[in-house]
Amino acid sequence: MKKYAPMASLLLGLAASFSCFSAEPAELTSARGNYQKQIKTLTDPVNARYLAYLESLKKSLGAKGDLDGALAVQKEIDSLPAPATTKAAENAGSDKIVIWNQNNGGKADRGTKKVSVSLWVGSREVWNKKFVHIDWDPTKQTKVEILVPTMTADKLRVQVTETVNDRGGLAEIEFFRGGRNVAAKGAATVSAVWENSPKHMGSMLTDGDMATWWLLPDNQEGWAEIMLAP
């Protein structure tokens, strides 16, 4: 073992020397940080204005019925750097979907863990977000809020993809467009209802009452489709 000691000492010495050479001066770290802050300060307003214009253009194209054009603009929006997109989207006041979970009136034996959501124009899907986690609590009601780019859509589809105890369901589905819930009282079509109970039909999802809920049959995933007001 002793014959390896000089080699070990040499390697340790080289590692220490490399560490010294690779250490970055504090002045360089500080200068880089200031540089990055200045770049961000200069570019964020430009990115925000560009995204605001794109959102307006997409809305205009959608209103004219140019769905392909609106989707092309959405693709451009999605290509923007994430920080700028997030900040500008907040400034632009993105629409949002709000999905309320349920726990079977406190019995804590049913609920939903994950959903996939999509927006449709007629029979054509124009936007989606898959496998969104939704909190579930055995004693209180929970919800998830999903930001949605401003676009024309007449139908919202929510797919329950993971349930609690293999017994799914939701209390309410809301879609706020410009601050107005365009899903309120909307016609709801669902894949199935637990024991065909009139107390747990799809219409409970848009009645504005969090104390009512839609329940899926046991051991089934399922979906709900809601017609949106103009």
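Read the figures in this text as sums done on the coordinates, not as results from a lab. Being a predicted model, the structure only gives us computed values, none of them experimental. A quick note on method: Cβ atoms are made from the backbone with ideal geometry, for glycine too, and the neighbour counts reach across all protein chains shown.
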What is the distance in Å between the Cα centroid of segment 126-163 and that of segment 174-225? 12 Å
For the chain, longest principal axis from Cα atoms; helix 26-63 axis from its Cα atoms; angle between them, nearest 10 degrees, is 20 degrees
For segment 115-230, list log₁₀ I(q)/I(0) at each q in 0.11, 0.18, 0.19, 0.22 Å⁻¹, using the Debye formula over Cα point scatterers of equal strength and ignoring solvent, two decimals each. -0.33, -0.93, -1.04, -1.40
Candidates [x] 38; [y] 43; [z] 53; which is the computed percent of Cα pairs over 26 Å apart? [z]
Need one number: nm distance between label points at Lys40 and Ser197, each 7 Å from Cα along Cα→Cβ, rounded to one decimal. 5.0 nm
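Quick one: which of Lys59/Lys140; Lys40/Lys64; Lys37/Lys143; Lys75/Lys185; Lys114/Lys199; Lys64/Lys143 span more than 29 angstrom between C-alpha atoms? Write down the numbers at each step before the final one.
Details: Lys59/Lys140 38 Å; Lys40/Lys64 36 Å; Lys37/Lys143 36 Å; Lys75/Lys185 32 Å; Lys114/Lys199 23 Å; Lys64/Lys143 34 Å.
Result: Lys59/Lys140; Lys40/Lys64; Lys37/Lys143; Lys75/Lys185; Lys64/Lys143 exceed 29 Å.
Using alpha-carbon pairs under 8 Å, 6+ residues apart, how would you state the relative contact order of the chain in percent? Let's see the in-between values first.
Values: 426 pairs, mean separation 39.3, N = 230.
Rounded, it is 17 percent for the chain.
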Unit charges at the beta carbon, dipole of segment 100-230: most positive-side option, Pro217, Phe176, His200: Phe176
May I ask for the angle, rounded to the nearest 10°, between helix 5-22 and the longest principal axis of the chain, with both axes built from Cα atoms and the value confined to 0 to 90°? 70 degrees
With Asp207 itself left out, Lys, Arg at +1 and Asp, Glu at -1 over residues whose Cβ is under 15 Å from its Cβ give -1
